[in-house]
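J.: Mind having a look at this structure? Questions to follow.
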């Protein structure tokens, strides 16, 4: 068997694997487009006869999704901004020095990464009630997500900073730059890509966050899409095409971002997550 | 004042400021709640005393009552099953896929990356989609199994107590397989190719090469990945909320969902805190192992 035939066969098999693995996504979009009777047909139809494109604007209106998506966006942007501002400096210091204190700091950060959100929520709820932050529920969720996800950001961005050669920074110092100046004008620009990738990953996570929002936000008009989707799915629901339409509208921006930036996201993730 | 400013721009103060503020933030919003959780698990707490720090001290009473509850051991068992099955499934499927994509045909790395969409999707959406796929009467999962002659009648994945936990496990394996695959691919690509060439010259078959080169060379990344899987799996909450909500009759309930349910649905904060403390101890042990597996890198 020649090299090209072998490569082609492998590619076909890989496409097949991808098709099987990504089938749930396909099913989500297809179900959204089906009519009510087609949805419950046996055997199930794998291609909608009469695609109902109008379901997307209909569900968008019906469920008030603009508000849900807006709240998700506010929460995601707020958390990313807070994490990026605080986390970048921390990862820089953790990458630049080697001593016992850095090891302790790193260990502490890793430990805080592992606490499950569903277990930390009660004390955070109490803390926010006592300090009055709970009166601003979206801010409360932003703070909680920032505390939860910052360690992950630090771990990823630290790997980026470690790949920026220290010599460049030293050269800038010799040329009369201050530490802050060298950090701002030399190190940060070189690490920009890694920081962006980590920020995008955090954004995606925060955009889908559920447990903090569910527990801290009572007002429906302040809830994000994840809580809205959860409320939509009752125990005996049969509106699956509408639920899948909701899910599609919610998840498509994330999927689009991911597919566009796939290569960078994967390389950014692999450079840091196991270290 | 000037000295302070110059230290902030050009000296020790610069580093201390960069690391100090985030650490203070993390300690206030993660460390303090953690300690508070432990303290609360030894106190009598109700709706009215939730906001005060001074509460009657009850020692291990919360823990004793918790363990005495009939659902305690079943739920712990479900947690263990959920952990073991999820990690095994994600790891084995991820490893198989990583080995396949390692063959490095044109398009391999792009396709491999595409798999990661399962990992970046919101947990609630993954839960909703699997909820529909696994539906008993009209779920396509049952249809496919039926066509493959694996089952004869419909399985009611979410409402049958024997399968409810497995419906969440299946969804969780789907969610995490791609992450395992990507991470294992990194480990595979760091093995020097000449090792394989030398082994092949010595007449080692593919299986021997896998056992004697691939597995030992990847030991530290496998260790890190499995402890990371343990941590992620113990954090999984969204799928339970979206697929079974712990039911029917606690048959798919696990510790992390139970803790939230006790606190926010039944307002039994002390028991919720007690179960949190038990789980946090487990997670901490896993993360010590994780840090140890990556120790060589941490020391640099």
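Just so you know, all these numbers are worked out from the coordinates, no wet-lab data involved. Worth saying up front: this structure is predicted, and the values here are computed from it rather than measured. Virtual Cβ from ideal backbone geometry, glycine too; neighbours counted across all protein chains shown.
J.: May I ask for the angle, rounded to the nearest 10°, between helix A:23-33 and the longest principal axis of chain A, with both axes built from Cα atoms and the value confined to 0 to 90°?
T.: Taking Cα atoms only, the helix is inclined about 50 degrees.
J.: Moving on. Average partner chain C-beta neighbours within 10 Å, per residue of B:229-242?
T.: That average works out to 4.
J.: What's the angle, to the nearest 10 degrees (0 to 90), between helix A:188-207's Cα axis and the longest principal axis of chain A?
T.: Between the helix axis and the principal axis of chain A, the angle is about 40 degrees.
J.: Further, regarding this structure: What is the helix-to-structure angle for A:3-21, meaning the angle in degrees between its Cα long axis and the longest Cα principal axis of chain A, kept from 0 to 90 and rounded to the nearest 10?
T.: Taking the Cα atoms of chain A, the angle to A:3-21 is about 70 degrees.
J.: Here's a follow-up. Grab the Cα-Cα distance for residue A:184 and residue A:221, subtract it from 0.36 nm times how many residues apart they are, and report the gain in nm with one decimal.
T.: Additional length available on full extension: 9.3 nm.
J.: Kindly state, to the nearest 0.05, the FRET efficiency for residue B:207 paired with residue B:24, given R0 = 41 Å and r defined as their beta-carbon distance.
T.: Given R0 = 41 Å and the Cβ-Cβ separation, E is 0.15.
J.: Okay, next question. Using a Förster radius of 41 Å, what is the FRET efficiency between residue A:129 and residue B:72 based on their Cβ-Cβ separation? Nearest 0.05, please.
T.: FRET efficiency, residue A:129 to residue B:72: 0.90.
J.: At a 10 angstrom cut-off on C-beta neighbours, averaged per residue, how do the peptides B:14-21, B:266-273, A:38-45 rank from highest to lowest?
T.: B:266-273, B:14-21, A:38-45
J.: Only Cα pairs within less than 10 Å get springs; with that Gaussian network setup on chain B, which residue of B:199, B:128, B:241 has the largest fluctuation?
T.: B:199
J.: Could you work out how far the C-alpha centroid of the range A:55-102 sits from that of the range A:160-186, in angstrom?
T.: Answer, in whole Å: 28.
J.: While we're here: Using Cα-Cα distances under 8 Å and only pairs 6 or more residues apart, what relative contact order does chain B have, in percent?
T.: After rounding, I find 26 percent.
J.: For peptide A:200-207, what's the mean number of Cβ atoms from other chains within 10 Å of each residue's Cβ?
T.: Rounded to a whole number, the mean comes out at 2.
J.: Roughly how many Å is it from the Cα centre of the range A:6-54 to that of the range B:217-246, as a whole number?
T.: Measuring centre to centre over Cα atoms gives 28 Å.
J.: For the residue pair residue B:292 and residue A:237, what label-to-label distance in nm results when each label sits 7 Å from Cα along the Cα-to-beta-carbon direction?
T.: It is 4.4 nm.
J.: Apply 1/(1 + (r/R0)^6) to the Cβ-Cβ distance of residue B:3 and residue A:81, taking R0 = 25 Å, and write down the FRET efficiency to the nearest 0.05.
T.: With a Förster radius of 25 Å, E is 0.20.
J.: Peptide A:141-150: average number of partner chain Cβ atoms within 10 Å per residue?
T.: On the way: counts 0, 0, 3, 3, 0, 4, 8, 4, 0, 5.
For peptide A:141-150, the averaged partner shielding equals 3.
J.: Post the alpha-carbon centroid distance, the range B:134-187 to the range A:211-261, in whole angstrom.
T.: Value for the Cα centre distance between the two parts: 21 Å.
J.: Now for a separate question. I need A:129, A:5 ordered by Cβ neighbour count within 10 Å, fewest first.
T.: Placing the least packed residue first, the sequence is A:5, A:129.
J.: Note down the nm distance, to one decimal, between modelled labels 7 Å out along Cα→Cβ at residue B:58 and at residue A:20.
T.: 5.1
J.: I've got another one for you. Evaluate the distance, in nm, between pseudo-label points positioned 7 Å from the Cα of residue B:267 and of residue B:162 along their respective Cα→Cβ axes.
T.: The two pseudo-label positions are separated by 4.0 nm.
J.: Right, another one. Take the alpha carbon gyration tensor of the range A:209-267, find the square roots of its eigenvalues, order them as a ≥ b ≥ c, and report rounded if a/c is under 1.5; if not, report prolate when a/b exceeds b/c, else oblate.
T.: oblate
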